[in-house]
1. Any idea how many residues of segment 357-387 are buried (at least 16 other Cβ atoms within 10 Å of the Cβ) and under 25 Å from E5 (Cα atoms)?
2. Would you be able to say whether some residue in segment 123-144 is touching a residue at least 60 places away in the same chain (Cβ under 8 Å), within 12 Å of the ligand (Cβ to nearest atom), in contact with a Pro (Cβ under 9 Å, 6 or more places away or on another chain) and outside any loop (DSSP other than H, G, I, E, B)?
3. Within segment 201-235, work out how many residues are in contact with a His (Cβ under 9 Å, 6 or more places away or on another chain), outside any helix (DSSP H, G or I) and crowded, with 20+ Cβ neighbours inside 10 Å.
4. Could you check segment 372-401 and list, in sequence order, the residues that are assigned to a loop (DSSP other than H, G, I, E, B) and closer than 22 Å to G135 by Cβ?
5. Within segment 1-26, which residues are assigned to a loop (DSSP other than H, G, I, E, B) and out of contact with any strand residue (DSSP E or B) (no Cβ under 7 Å at 6 or more places or on another chain)?
6. For E119, state whether it is at pLDDT 95 or above, in a helix (DSSP H, G or I) and farther than 25 Å from I368 by Cα.
7. Surrounded by fewer than 22 Cβ atoms within 10 Å (Cβ to Cβ), assigned to a loop (DSSP other than H, G, I, E, B) and outside the structural domain of Q9 (by TED's automatic domain parsing): which single residue out of E261, E285 fits that description?
8. Give the residues of segment 70-112 that are more than 13 Å from the ligand (Cβ to nearest atom), surrounded by 21 or more Cβ atoms within 10 Å (Cβ to Cβ) and assigned to a loop (DSSP other than H, G, I, E, B), sorted by residue number.
Amino acid sequence: MPGFELFDQQEIDALAEVIRSKVVHRYWFQGMRNGVWKVEEFEKAVADKFGSKHCLAVSSGSAALYVALKALGIGPGDEIITSPFTFIATMESILECGAVPVLAEVDESLTLDPNSVEELITERTKAIMPVHMFGATADMDPFKTICDEYGLFLLEDSCQAMGAKYKGRYAGTIGKFGPYSLDPVKIVTVGEGGLIVTDDEDLYHKMEYYHDHGHIHDNSIERGAEGKACLGFNFRMSELGGAMGLVQLGKLDMAIEKMKESKKKILEGIGNVDGLALRALADREGDTATQTVFLLPTAEAARKFQKASKEAGVPCGNLSDNTWHYARHWATLREGTMFSRLRCPYDCPYVEEMPTYRPVEWPQTHAILSRTAVYGMDILMDDSRIEKIVNAVQAGAKAAL
Ligand SMILES: Cc1ncc(COP(=O)(O)O)c(C=O)c1O
């Protein structure tokens, strides 16, 4: 899946051009830059590509989530309903705002189950944020209906799903904002970086101010003379990230096509096997195929499958063990490990009820994740690799079913 597989002379040339220019700041240095604004160009290309009115580039996917939530006004006392199967940055971005992540359940799509969120809505709930895991989207329509009914923001954590589609719309462009991660293992990478797309002009400007110390950007004057709209912080992307992002973005469609083609070959090679199901996606065509996930009938069958697949030469993951993506494994979330004396939201006077995040709290999620077998997909996979995976899946199925 990682975009670094496609690094070639184009990225090297793009970075060299910025280095030669000596201008690595995305704002400022007007006199030296000969009209070149790489981050701005990248933002425009991303907004055009995904059909969004605005795009802001930032320093990471985590920063994208955090900046967007801050600009939306999320703060102490607010609750956001999200998924226990995600990367911990989803939680941390909410916690850093002093707000409370309330974790519902996932269904067999491995994304938030719309049937599990309504009972968690309180007068403190501000938003519902499904997480589009493993390159494919959640089923967004039911969430939209619930958010409209209760007057909540529909948000998306689309950090893992750049280029994925839901009913013709790109992941990240359905809710109030959409963050993308450009970290080293993402389909488009600039080393470390992030993006936020939104159609909301007011939100865009607040994000733009907040991510750069409150600056009201005006390239026609000196940076030091710019006004300030708010207190903020520094989550800027550098011109190096912008230049590299432009090249990598140009390779996105090809990367998705290649992974989809490989996944199709794997599935055709396996054929229909009774008891071996695919992840239940709302829009299978919109899947970017960054992973191939199978669901076995029981957890026991999944373990047998995993063992046989490994013995056949291709290890696969069982997502209940996944320490990166499953809240059950996150002691720091459970314990609220922070360095400050007052740990907001854990010890916050505005927070009425802090979840305990105990491992037993997501029985449906655990039952589903325990039944999975997951294979990571590379962009560049030759037929011999595909054949090995097919053989391993067949060996797994034979042992388990
Ligand atoms: C679902 C999700 N949200 C947020 C992030 C954070 O992105 P970054 O690593 O760029 O900070 C990631 C990164 O893997 C992610 O998978």
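1. The number of residues fulfilling the criteria is 7.
2. no
3. Residues in segment 201-235 being in contact with a His (Cβ under 9 Å, 6 or more places away or on another chain), outside any helix (DSSP H, G or I) and crowded, with 20+ Cβ neighbours inside 10 Å: 2 in total.
4. Looking only at segment 372-401, we keep the residues that are assigned to a loop (DSSP other than H, G, I, E, B), and these are 377-382, 401.
Passing the criteria: M377, D378, I379, L380, M381, D382.
5. If the condition is that a residue be assigned to a loop (DSSP other than H, G, I, E, B) and out of contact with any strand residue (DSSP E or B) (no Cβ under 7 Å at 6 or more places or on another chain), then P2, F7, D8, K22, V23, V24, H25, R26 are the ones that fit.
6. So E119 does not fit the description; no.
7. Going through E261, E285 in turn, just one is surrounded by fewer than 22 Cβ atoms within 10 Å (Cβ to Cβ), assigned to a loop (DSSP other than H, G, I, E, B) and outside the structural domain of Q9 (by TED's automatic domain parsing): E285.
8. L72, I74, D78, C97, A99, A104, E105, S109
The values are calculated or read from the model by the stated rules, or taken from the named source; none is laboratory data. Here the structure is a predicted model, which is why all the values come from computation and not from measurement. Using ideal geometry, Cβ is built from the backbone for each residue, glycine included, and neighbour counts are taken over all protein chains shown.
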